[in-house]
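Laboratory data are not the source of any read-out in this text; all were calculated from the coordinates shown. Because the structure is predicted, anything quoted here is derived from the model rather than measured. Cβ coordinates were reconstructed from backbone atoms using ideal geometry, including for glycine residues, and neighbour counts include every protein chain displayed.
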Amino acid sequence: MIHIGPQDFVFILTGSGVSAESGIPTFRGAGGLWRNYRIEEVASPHAWARDPRLVWDFYSMRRSVAASAKPNRAHLALADLEGRLADRLFLCTQNVDNLHEQAGSRHVVHMHGELFKSRCDSCQRPPFADDSGYEAPVQIPRCECGGRIRPHMCWFGEVPYDLDRIFAELNRCTVFAAVGTSGVVEPAASFVAHVRGRARTYSVGPEKPANALSFDECIQGTAVEVLPNLFSVAI
Ligand code: OAD
């Protein structure tokens, strides 16, 4: 159990493992998305330039899977924790689904983007809500400026979102917990090393992450098994 006292600031980093028990596949491991798709063909600026229909096929498929998913008890536990800690909790997710929001989390930073948003690949129009499925042979949707509408995703080779805010929160946290993430994708994989020595650090998942040596404690179990009883809060 992780004890949270009145002076603590908690940083939670979630990865695809937190949504696995809601039926959304992870990226690596058995059944993982990157077993069936090549990253460079569907999730990179190069892929978008070469074959935008294939890219939209991939994200349309992911929209359709995520559209029917419901939050699980791990998402609910984190929403409950936010209810108790308010702005002493910072929830940063690598996930692009909206299951944290559906569970009731009000302040979620999606460092890799959001599946149900799109944006223009040319102009500065802000990302907008979009749950359409753009499957081949449909034309690539166009912005008023003439640019092409792309998924609001951080692709490989692009810079994750909100890093200034994320590092400010890493600098003030006293408790850091990574849930359901393999610890291989940067920069999220190095967050634990950034806070090490200043914060108590935990990982949660059925397997040890690749960066396990950086954590004080690796708690073994699925997100749904562990999260509901993980935190004790003394306000
Ligand atoms: P990965 O697929 O790399 O890792 C998933 C992690 O979740 C593994 O450590 C699993 O052991 C763990 N896991 C599986 N089932 C779980 C469960 N029920 N409860 C808890 N943990 C479980 O996914 P991420 O670490 O999220 O980036 O991947 C990071 C980034 O790589 C993604 O955001 C995505 C991907 O390429 C982009 O698309 C930019």
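Tabulated values for the structure
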quantity: Alpha carbon centroid spacing (whole Å) that separates the range 180-225 from the range 68-123; calculated: 19 Å
quantity: If the convex hull is drawn through the Cα atoms of the range 1-119, its volume per residue in Å³; calculated: 116 Å³
quantity: Global geometry of the range 193-235, whether rounded, prolate or oblate, following the gyration tensor of its Cα atoms and the 1.5 cut on a/c; calculated: oblate
quantity: Karplus-derived 3J(HN,Hα), 6.51/-1.76/1.60, for each residue of the range 31-42, Hz, glycine and proline x; calculated: x, x, 4, 6, 7, 9, 10, 8, 3, 5, 8, 10
quantity: Value of [θ]222 nm, deg cm²/dmol, for the chain, DSSP H segments ≥ 4, -39500 (n - 2.57) each, nearest 500; calculated: -7500 deg cm²/dmol
quantity: Relative exposure of S22, S68, S118, judged by other C-beta atoms within 10 Å (fewest first); calculated: S68, S22, S118
quantity: Cysteines in the chain that, by Cβ-Cβ distance, have no pairing candidate under 4.7 Å; calculated: C92, C154, C173, C218
quantity: Gaussian network model of the chain, springs between alpha carbon atoms under 10 Å - residue of A212, A79, A30 with greatest fluctuation; calculated: A30
quantity: Interchain or long-range residues, amide H under 5 Å from C154's placed H; calculated: G113
quantity: Anisotropy class of the chain from Cα gyration tensor, a/c 1.5 cut; calculated: prolate
quantity: M111, M1 arranged by Cβ crowding within 10 Å, fewest neighbours leading; calculated: M1, M111
quantity: Computed label-point distance, nm, for sites S68 and E40 using a 7 Å Cα→Cβ extension; calculated: 3.4 nm
quantity: Sorted by Cβ density within 10 Å, fewest first, the residues W56, W48; calculated: W48, W56
quantity: Shape of the range 155-197, Cα gyration tensor, a/c cut at 1.5; calculated: oblate
quantity: Built amide H within the under 5 Å cut-off of T201, gap 5+; calculated: F176, D216, E217
quantity: Computed E for S132/R165 - FRET, C-beta separation, R0 25 angstrom, nearest 0.05; calculated: 0.30
quantity: Highest-first arrangement of 213-220, 159-166, 202-209, 226-233, where packing means the average Cβ count within 10 Å; calculated: 202-209, 226-233, 213-220, 159-166
quantity: Gain on full stretching of the segment that runs from R106 to A49 - 0.36 nm per residue minus C-alpha separation; calculated: 17.0 nm
quantity: Relative contact order of the chain, pairs being alpha-carbon contacts under 8 Å that are 6 or more residues apart, as %; calculated: 27 percent
